[in-house]
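What follows is one structure encoded as structure tokens, with my remarks underneath.
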Amino acid sequence: MLIERADVIVTSPGRNFVTLKITTDDGVVGYGDGTLNGRELAVASYLTDHVVPLLIGRDAHAIEDTWQYLYRGAYWRRGPVTMAAIAAVDTALWDIKAKVAGLPLYQLLGGASRERCLVYGHASGKDIPELFDSVRQHLEEGFRAIRIQTGVPGLDSVYGVASSAAASIGDDTRYDYEPARRSALPAEENWDTRAYLRHVPSVFEAVRGEFGEDIALLHDAHHRLTPIQAAKLGKSLEPYDLFWLEDVTPAENQEALRWVRHHTTTPLAIGEVFNSVWDYQHLIREQLIDYVRSPITHAGGISSVRRIMDYAAMYQVKSGMHGPTDVSPVGLAAAVHLGTALHNFGIQEYMVHSEQTRAVFGPTYEFAGGGLRPGEEPGLGIHFDEELAAQHPYERAYLPVNRLQDGTVHDW
Ligand code: KDG
Ligand code: MG
């Protein structure tokens, strides 16, 4: 079974996505997600100009060989653009292999280790009453794990806080926090770490007071703190028993996590911007983290995230794959199949895609009982509508840039 063609499809049903469609000589089609928020066209060009010509005529079954050929063969290794492109190829080839086998993909990854993958949704509010409404809505919808983000007094807009009503599954008037904005230039936000550190513990105290001890609560610090600030935050949140505290420090310096770890027992998650097992080499071996955040879309695909998770399993580190709306339904479907099979699955982020997006991708995973199930269709269970996709051409969009009160650029 040879690869006959590979098409890169950039579509923007509400937001931009990069999808690779691989077709074999006997007409089997597989899809892969290579979306890189705010830098989509770089991945599209990497695929179209440099990868697609290498795929034509290759054995569609040779997934590992193709992965190594693209990774080692490029000479220039790793990086978000390269690894998103490799992810798209790897995912599409797994989709094809499972379709040919006539099995849902999780069966080829070892079969089901669980009935469904526990997910967390995003509750947010500019203040406590708005946040409580959002948490209540998530509980009514069946979520059992909820990420908590709020506005900070004195700051105009803060990462993770939706600007209108909270998310609701299946309702297109919903609005999850969508950070990338369609515009010629990035929006600028402002930041004050002291104000944030003062405010966050009181938010968790209020949420535990109102909703009790049972729900799993998570929080994302989005790379903004120094190691000692992060240690202080972790310590101050200990009474509220978080499921995890995410991305407390910028990802480049892994030493920082050692400082944080030595000061707090709050579980730590990191890695949504990592793209290789090498990014986790010390963090996992030294047991400085509890959850791996890399999504299939940004870390080289199913084959590569599987490698990270097998390494993590030796140290009781679990998965917590990134699942914002900039991971397409193809990437999310792949995560749910892998999450169903992994022994050391932890939790899956689930930011519900808009109706417009779902209409283009046609995912068949199902949300029930606070979790996602991959479904029993052969392959990933994606029904991509190319004609509809073509009606939504790419629109330039950027993630925001952050500045401190005095104008200094800060981590966003
Ligand atoms: O594109 C950037 C988003 O994916 C990121 O800001 C979302 O941090 C994020 C999360 O945890 O979902
Ligand atoms: Mg995050």
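Observations on the model:
- Across the stretch 1-28, the number of residues qualifying as over 26 Å from the mean Cα position of the chain (by Cα) and among the hydroxyl-bearing types (Ser, Thr, Tyr) comes to 2.
- Selection status of residue 40, buried (at least 22 other Cβ atoms within 10 Å of the Cβ), at pLDDT 95 or above and of a type in the set (D, E, K, R): yes
- In summary, no helices (runs of 4 or more DSSP H) completely within the stretch 1-98 bear 2 or more residues that are among the basic types (Lys, Arg) and in contact with a strand residue (DSSP E or B) (Cβ under 7 Å, 6 or more places away or on another chain).
- Residue among 231, 195 that is buried (at least 21 other Cβ atoms within 10 Å of the Cβ) and away from ligand 2 (no atom under 16 Å from the Cβ): 231
- Within the set 225, 185, the sole residue that is surrounded by 15 or more Cβ atoms within 10 Å (Cβ to Cβ), assigned by TED's automatic domain parsing to the domain that holds residue 370 and more than 19 Å from residue 123 (Cα to Cα) turns out to be 225.
- One residue stands out among those in the stretch 268-284 that are within 15 Å of ligand 1 (Cβ to nearest atom) and either under 15 Å from residue 316 (Cβ atoms) or not assigned by TED's automatic domain parsing to the domain that holds residue 306 (or both): the one that is farthest from the chain's Cα centre (by Cα), which is 268.
- Checklist (1) surrounded by 15 or more Cβ atoms within 10 Å (Cβ to Cβ); (2) closer than 26 Å to residue 274 by Cβ; (3) more than 15 Å from ligand 2 (Cβ to nearest atom) applied to residue 253, failing item: (1)
- Filtering 163, 168 for residues that are modelled with pLDDT under 90, more than 16 Å from ligand 1 (Cβ to nearest atom) and either part of a loop (DSSP other than H, G, I, E, B) or touching a Phe, Trp or Tyr at 6+ places or on another chain (Cβ under 6 Å) (or both) leaves a single hit, 168.
- One residue stands out among those in the stretch 331-340 that are out of contact with any Ser or Thr (no Cβ under 6 Å at 6 or more places or on another chain) and of a type outside the set (S, T, N, Q): the one that is surrounded by the fewest Cβ atoms within 10 Å (Cβ to Cβ), which is 338.
Conditions tested, residue by residue: (1) crowded, with 24+ Cβ neighbours inside 10 Å; (2) more than 16 Å from ligand 2 (Cβ to nearest atom); (3) over 23 Å from residue 255 (Cβ atoms); (4) of a type in the set (D, E, K, R).
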position: 269; (1), (2), (3), (4): yes, no, no, no
position: 286; (1), (2), (3), (4): no, yes, no, yes
position: 320; (1), (2), (3), (4): yes, no, no, no
position: 351; (1), (2), (3), (4): no, no, yes, no
position: 361; (1), (2), (3), (4): yes, yes, yes, no
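- The listed residues are 122, 138, and the only one of them that is at negative phi and touching an Asp or Glu at 6+ places or on another chain (Cβ under 6 Å) turns out to be 122.
- Listed conditions (1) surrounded by 23 or more Cβ atoms within 10 Å (Cβ to Cβ); (2) of a type outside the set (S, T, N, Q); (3) at pLDDT below 95 are all met by residue 92, apart from (3).
- Selection count, the stretch 23-59, where residues are in contact (Cβ under 8 Å) with a residue 40 or more places away in the chain, of a type outside the set (A, V, I, L, M, F, W, C) and more than 16 Å from ligand 1 (Cβ to nearest atom): 8
- Test for residue 209: is it among the small types (Gly, Ala, Ser), surrounded by fewer than 22 Cβ atoms within 10 Å (Cβ to Cβ) and in the same structural domain as residue 327 (by TED's automatic domain parsing): yes
The values are calculated or read from the model by the stated rules, or taken from the named source; none is laboratory data. In this text the structure is predicted, and so the values were computed from the model without any measurement. Note that each Cβ is placed from the backbone with ideal geometry, even for glycine, and that neighbours are counted across all protein chains shown.
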